[in-house]
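The values are calculated or read from the model by the stated rules, or taken from the named source; none is laboratory data. All values reported here derive from a predicted model rather than from experimental measurement. Cβ placement follows ideal geometry from the backbone for every residue including glycine, while neighbour counts extend to all protein chains displayed. What goes into the accessible areas is simple: the full protein's heavy atoms, side chains included, and nothing from ligands, DNA or RNA. Shrake-Rupley method; radii C 1.70, N 1.55, O 1.52, S 1.80 Å.
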Amino acid sequence: MRTSEETRVADKQATLDLGGQTQEFPVLEGSVGPDVVDIRKLYGTTGKFTYDPGYKSTASCESALTYIDGEAGVLLHRGYPIGQLAENSSFMEVSYLLLNGELPTQEDLDDFTYTITRHTMVHDQLRQFYQGFRRDAHPMAIMCGVVGALSAFYHDSTDISDPEQRKIASHRLIAKMPTIAAMAYKYSVGQPFMQPKNELSYTGNFLRMTFGVPAEEYEIHPAIEKAMDRIFILHADHEQNASTSTVRLAGSSGANPFACMAAGIACLWGPAHGGANEAALNMLQEIGSPDKIPHYIERAKDKNDPFRLMGFGHRVCKNYDPRATVMQQTLREVFEALNVNDPVFETALKLEELALNDDYFKEKKLFPNVDFYSGIILNAIGFPTTMFTALFALARTVGWVAQWNEMISDPAQVIGRPRQLYTGPTERDYVPIGQR
Ligand code: SDX
């Protein structure tokens, strides 16, 4: 990550003319992608704020983790294309890459995997924590609560000023999310929690903790283990999305990493964000058959109808989301491995075909995103729809942790505190109730 400001200042300035008062601002350039106008001194020099609800034109930070070119359908993690990582790498290796900036040697990867594996158990008292939830609690409600509670169990890794404690907390979070997610599922179906087994892979361990039972050995299906590992890779990080920005903002106040990740989980749950995978499958099942698709596409285009095609559209991806391409390919592999064929897949393919040939979707550059096909795969593997976003949170934890570490270790880091355009009443005197 380039730290010298001089190397980032482009050889051009931005001039702002505020009715006779002009002010120049430096333009900073990254290694690739749009330049940014550095307006950090705007308010101090002009008394004006910028205004950008939803941050559609705002870079909130400098980062070296993930680059997205939404127009070109490009997604790079530390420079490596998502398609190459999905094809050749593993979730543990991608996690190492995001955290450390370079692909690991075999020895590095073995050491990292050994460390993560030996943090997969949770404090036994935490198992009691689940008893407070109703059995039908949404797994994301449980994840929010349990991950936030981790700071009550792991006090020895909450001092964010200590790089070693940051490292241990990071490893604990990455390692324990599969255990916590699997426990949420087990609790919902009334089955006993399964302890992790160190000889299994990260993803194999998760599958066994989720679908295994104490009464018999659980046989991990290699094709399913590979598909799930790839799905985790596809969800690992995605630049400054809403939940990552939530983690960064929470972390900017000095909150402990467990609390920050709980904030990220809460944000991810929304149907406009990570909750879309659950909503997309529900939508596809509601549509039912391809002949009903035109009606739903018309609903999605109707401004008076709140219905949207879930799993479609994206703030940044204005081309086909490269993750959706890999997801669809993975779906075919899982169907073949399990010898299943869910008619919902045909509905999804037909919906994609009709939407991508519809002028409304073409004009607004609405394409399938990472959430459009993922639910069909997860449903085929045996996850209930309510677990889909919990799986997204499991995988995105490494991205949140890597982004949080990048922010905390930046010497220029300050608390995030946006301003506003105030449109409320100007000052007025209190009126006693008898005179109102
Ligand atoms: C994720 O940011 C990330 O990187 C997120 C993510 C990650 O990895 O972290 O990629 C994961 O959250 C993927 C997105 C999952 N959400 C969904 O699939 C929900 C459905 N999509 C929409 O809600 C919407 O597309 C958003 C929320 C994803 C993006 O919304 P924007 O960028 O604010 O765009 P918008 O709502 O302003 O839409 C632009 C136009 C609007 O029409 P106009 O007002 O201009 O006339 O497109 C329309 C919208 O009505 N539109 C849709 C639509 N999405 C946008 N119309 C129908 N169906 C849709 N899905």
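What single numbered condition from (1) under 20 Å from the mean Cα position of the chain (by Cα); (2) touching a residue at least 40 places away in the same chain (Cβ under 8 Å); (3) farther than 22 Å from Ile82 by Cα fails to hold for Ala250? Every condition holds for Ala250 apart from (2).
Here Met261 meets the list (1) in contact with a Phe, Trp or Tyr (Cβ under 8 Å, 6 or more places away or on another chain); (2) within 11 Å of the ligand (Cβ to nearest atom) almost entirely, failing just condition (2).
Return the residues of the range 37-54 that are touching a Phe, Trp or Tyr at 6+ places or on another chain (Cβ under 8 Å), open to solvent by less than 50 Å² (accessible area, probe 1.4 Å) and part of a loop (DSSP other than H, G, I, E, B); say none if nothing qualifies. Walk me through how you get there before you give the answer.
Let us first name the residues in the range 37-54 that are touching a Phe, Trp or Tyr at 6+ places or on another chain (Cβ under 8 Å), namely 37-39, 41-43, 49.
This time we only want the ones that are open to solvent by less than 50 Å² (accessible area, probe 1.4 Å), so: 38, 42.
The answer is Asp38, and nothing else.
Which residue is nearest to the ligand (Cβ to nearest atom), if the candidates are limited to the range 286-310 and must be buried (at least 16 other Cβ atoms within 10 Å of the Cβ) and over 15 Å from Asp358 (Cα atoms)? Spell out the reasoning first.
Let us first name the residues in the range 286-310 that are buried (at least 16 other Cβ atoms within 10 Å of the Cβ), namely 287, 290, 293, 296-297, 300-301, 308-310.
From the residues that got through so far, the ones that are over 15 Å from Asp358 (Cα atoms) too are 287, 290, 310.
Values: Ile287: 13, Pro290: 18, Met310: 5 Å.
Only one residue tops the list, namely Met310.
Quick check on Arg127: is it more than 27 Å from Asn100 (Cα to Cα), part of a helix (DSSP H, G or I) and either acidic (Asp, Glu) or over 25 Å from the mean Cα position of the chain (by Cα) (or both)?
Details: more than 27 Å from Asn100 (Cα to Cα): yes; part of a helix (DSSP H, G or I): yes; either acidic (Asp, Glu) or over 25 Å from the mean Cα position of the chain (by Cα) (or both): yes.
Against the criterion (more than 27 Å from Asn100 (Cα to Cα), part of a helix (DSSP H, G or I) and either acidic (Asp, Glu) or over 25 Å from the mean Cα position of the chain (by Cα) (or both)), Arg127 qualifies.
Suppose we keep only residues that are among the charged types (D, E, K, R) and open to solvent by 50 Å² or more (accessible area, probe 1.4 Å) within the range 311-334. Which one would you say is nearest to the ligand (Cβ to nearest atom)? That would be Arg315. Restricting the range 133-150 to residues that are touching a residue at least 12 places away in the same chain (Cβ under 8 Å) and more than 24 Å from the chain's Cα centre (by Cα) leaves a set whose member that is most open to solvent (accessible area, probe 1.4 Å) is Arg135. Filtering the range 104-121 to residues that are in contact (Cβ under 8 Å) with a residue 24 or more places away in the chain and either open to solvent by 20 Å² or more (accessible area, probe 1.4 Å) or not hydrophobic (A, V, I, L, M, F, W, C) (or both) leaves Thr113, Thr115, Thr117, Arg118, His119, Thr120, Met121.
Suppose we filter Phe153, Phe193, Phe206 for residues that are surrounded by fewer than 21 Cβ atoms within 10 Å (Cβ to Cβ) and touching a residue at least 60 places away in the same chain (Cβ under 8 Å); which single one remains?
Numbers: Phe153 fails: touching a residue at least 60 places away in the same chain (Cβ under 8 Å); Phe206 fails: surrounded by fewer than 21 Cβ atoms within 10 Å (Cβ to Cβ).
So the residue among Phe153, Phe193, Phe206 that is surrounded by fewer than 21 Cβ atoms within 10 Å (Cβ to Cβ) and touching a residue at least 60 places away in the same chain (Cβ under 8 Å) is Phe193.
Do any helices (runs of 4 or more DSSP H) lying entirely in the range 194-273 carry at least 2 residues that are closer than 30 Å to Gln413 by Cα and at pLDDT 95 or above, and which ones are they?
Numbers: elements: 202-211, 222-234, 242-252, 257-268.
In the range 194-273, 222-234, 242-252, 257-268 are the helices (runs of 4 or more DSSP H) which contain 2 or more residues that are closer than 30 Å to Gln413 by Cα and at pLDDT 95 or above.
Of the residues Ala412, Ala324, Ala355, the single one that is farther than 23 Å from Ala300 by Cα and either among the small types (Gly, Ala, Ser) or outside any helix (DSSP H, G or I) (or both) is Ala412. Pairs linking a residue in the range 47-58 that is among the charged types (D, E, K, R) to a residue that is loosely packed, with under 13 Cβ neighbours inside 10 Å, with Cβ atoms under 8 Å and 6 or more positions apart or on different chains, are Lys48/Leu18. Given the criteria crowded, with 21+ Cβ neighbours inside 10 Å, assigned to a helix (DSSP H, G or I) and not charged (D, E, K, R), does Asn282 qualify? Against the criterion (crowded, with 21+ Cβ neighbours inside 10 Å, assigned to a helix (DSSP H, G or I) and not charged (D, E, K, R)), Asn282 does not qualify. Evaluation of Asp342 against the conditions (1) free of Cβ contacts under 8 Å to residues at least 40 places away in the same chain; (2) over 25 Å from the mean Cα position of the chain (by Cα); (3) loosely packed, with under 14 Cβ neighbours inside 10 Å shows that the sole unmet condition is (3). So, in the range 331-343, of the ones that are modelled with pLDDT of 95 or more and of a type in the set (A, V, I, L, M, F, W, C), which residue ends up nearest to Asp371 (Cα to Cα)? Taking the candidates together, the pick is Leu331. Please go through (1) surrounded by 19 or more Cβ atoms within 10 Å (Cβ to Cβ); (2) under 13 Å from the mean Cα position of the chain (by Cα); (3) among the polar types (S, T, N, Q); (4) closer than 29 Å to Asp156 by Cβ for Asn277 and return the number of the only condition it doesn't satisfy. With (1) surrounded by 19 or more Cβ atoms within 10 Å (Cβ to Cβ); (2) under 13 Å from the mean Cα position of the chain (by Cα); (3) among the polar types (S, T, N, Q); (4) closer than 29 Å to Asp156 by Cβ applied to Asn277, the lone miss is (4). The condition (being open to solvent by 70 Å² or more (accessible area, probe 1.4 Å) and either under 25 Å from Tyr320 (Cα atoms) or assigned to a strand (DSSP E or B) (or both)) is satisfied by just one residue among Ser63, Ser57: Ser57.
Condition test on Ala395, is it on the phi < 0 side of the Ramachandran plot, out of contact with any Leu (no Cβ under 6 Å at 6 or more places or on another chain) and within 16 Å of the ligand (Cβ to nearest atom)? So Ala395 passes the test.
Which residue out of Phe372, Phe361, Phe367, Phe388 is open to solvent by 10 Å² or more (accessible area, probe 1.4 Å) and not β-branched (Val, Ile, Thr)?
Phe367
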